[in-house]
Amino acid sequence: MIYFLKLLSDDIRVAQVEFRKHSQVKRLALGSLLACIAAVLQAAGGFLPGIGYFVSPFATLPILIGAMFSLQMGVISYFLTSLLLFILSPSELVIFPFTTGLLGIGIGVAFSFFKKRFSIIFIGSVLLTIGIISLLYVFHFPVLGPSVSDSPSFMTVGGIFMFSLLYNWLWVEVALFFFRKLKIFII
């Protein structure tokens, strides 16, 4: 339990300050590159049936890394990826803004405002749960497949939230790993 309540280092805040010193052109170019990578990864589910469904969740990483360095770059990458998906694979455009992209933005924003791992995981979990529930019950899009009922139940929402907690924990650890590797090149 102490692992989740331990404070994270200030590396992210230091990197954000250093990243702001770069020119706006460099920041926009990096944001567009991250958006292109995210769009290709997300569209893989439509272009490569089978293996593409295992690749498409990794579209979270470019958005998340962008949001960790700069909230503005993360948001720009998120919207640019949505526009690219509109052209490349419109069927993925329904899924990306509510799940993969929202998760990347949510965790990136949480890294900027919170220092404890549990807070970051919890915020990302809440946002992912809201996104999945919106797709299931508001838009009636079977994001979890046809076996999940389109009428809300406590068990379904609870299961989605528990999955979101574990999934966000994984993404927080992946983000910290890649952040440490990429900050040398980006800053």
Exercise. Could you give me the residue pairs with C-beta distances under 9 Å whose first residue belongs to the stretch 119-139 and is over 14 Å from VAL109 (Cβ atoms), whose second residue is basic (Lys, Arg) wherever it lies, and which are 6+ apart or on separate chains?
Key: none
Quiz item: Since PHE98 meets every condition but one in (1) over 15 Å from the mean Cα position of the chain (by Cα); (2) not in a helix (DSSP H, G or I), which condition does it not meet?
Solution: (1)
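The rows are residues; the columns are (1) in contact (Cβ under 8 Å) with a residue 40 or more places away in the chain; (2) part of a loop (DSSP other than H, G, I, E, B); (3) surrounded by 17 or more Cβ atoms within 10 Å (Cβ to Cβ).
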| residue | (1), (2), (3) |
| --- | --- |
| ALA15 | yes, no, yes |
| GLU18 | yes, no, no |
| VAL25 | no, no, no |
| LEU30 | yes, no, yes |
| ALA39 | yes, no, yes |
| GLY45 | yes, no, yes |
| TYR53 | no, no, no |
Exercise. Filter the stretch 135-149 down to the residues that are within 11 Å of VAL94 (Cβ to Cβ) and among the hydrophobic types (A, V, I, L, M, F, W, C), then identify the one that is surrounded by the most Cβ atoms within 10 Å (Cβ to Cβ).
Key: LEU135
Quiz item: Do we find that SER134 is at pLDDT below 90, more than 26 Å from ILE2 (Cβ to Cβ) and among the small types (Gly, Ala, Ser) in this structure?
Solution: no
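The values are calculated or read from the model by the stated rules, or taken from the named source; none is laboratory data. Keep in mind the model is a prediction, meaning the values are calculated, not measured. Backbone-built Cβ (ideal geometry, glycine too); neighbour counts: all protein chains shown.
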